[in-house]
Amino acid sequence: MNTYKKIVNCICTVFEIIAALSLGAMLVVVTIQVVLRYFFNNAPGWSEELARQFMILFCFIAMALGVRDKIHIALTIIVDRLFKKFTLPLEITGKILVLVMGIMMSINMGPYFTKLRYNRLPGTGIPVGYEYFFPTAVGVLIALIAVYQIYDHFRYGTDEAQRKQDDFTRKDATL
């Protein structure tokens, strides 16, 4: 399973680089749009469309990385207060739901990539189907991440126990 985790983390690293480049490109495009609109009163038609494409790309990748780093929104007040002994089964159930969401995202977004590849966006001429390529890939990545997180729950316990174990190993590494 360690090899599997390393492969998924390498894929995540590639997606992190793509997200950073997307965010930088979006910043450049929006800056160009603002400068041309307010100083020259003439914004190019492609700028808004391209900025939106970069934003879509960045948001979907950020969603997958949020799942990986476990920084997504979670409502744990009921579990923490009332059902402490059910924490692990509820966390596993949550990860299974994330796995199902990733699979469903891939299944439902994938056909749009092939069906809409001949339609083009008016400002840039980019095929509309490309908008659905990254959400499909991110759905697969979310499913891959959820699989190793479910495995970690069965092997190491709850997220809190995993964090404590990780903190303990970091302290040992620094001694």
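The values are calculated or read from the model by the stated rules, or taken from the named source; none is laboratory data. Just so you know, these numbers come straight off a predicted model, no measurement behind them. Ideal geometry is used to build each Cβ from the backbone, glycine not excepted, and the neighbour counts take in all protein chains shown.
The table that follows gives values for the structure above.
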| read-out | value |
| --- | --- |
| Single match in 62, 25 (criterion: modelled with pLDDT of 90 or more, under 23 Å from residue 150 (Cα atoms), part of a helix (DSSP H, G or I) and within 22 Å of the chain's Cα centre (by Cα)) | 62 |
| Among residues of segment 118-153, those that are part of a loop (DSSP other than H, G, I, E, B), hydroxyl-bearing (Ser, Thr, Tyr) and touching a residue at least 24 places away in the same chain (Cβ under 8 Å), counted | 1 |
| In segment 28-80, the residues that are without any contact (Cβ under 8 Å) to a residue 60 or more places away in the chain, closer than 27 Å to residue 134 by Cβ, surrounded by 13 or more Cβ atoms within 10 Å (Cβ to Cβ) and charged (D, E, K, R) | 52 |
| Meets criteria (surrounded by fewer than 12 Cβ atoms within 10 Å (Cβ to Cβ) and within 13 Å of the chain's Cα centre (by Cα)) for residue 13 | yes |
| Count - residues of segment 81-115 that are surrounded by 12 or more Cβ atoms within 10 Å (Cβ to Cβ) and either touching a strand residue (DSSP E or B) at 6+ places or on another chain (Cβ under 6 Å) or of a type in the set (Lys, Arg) (or both) | 2 |
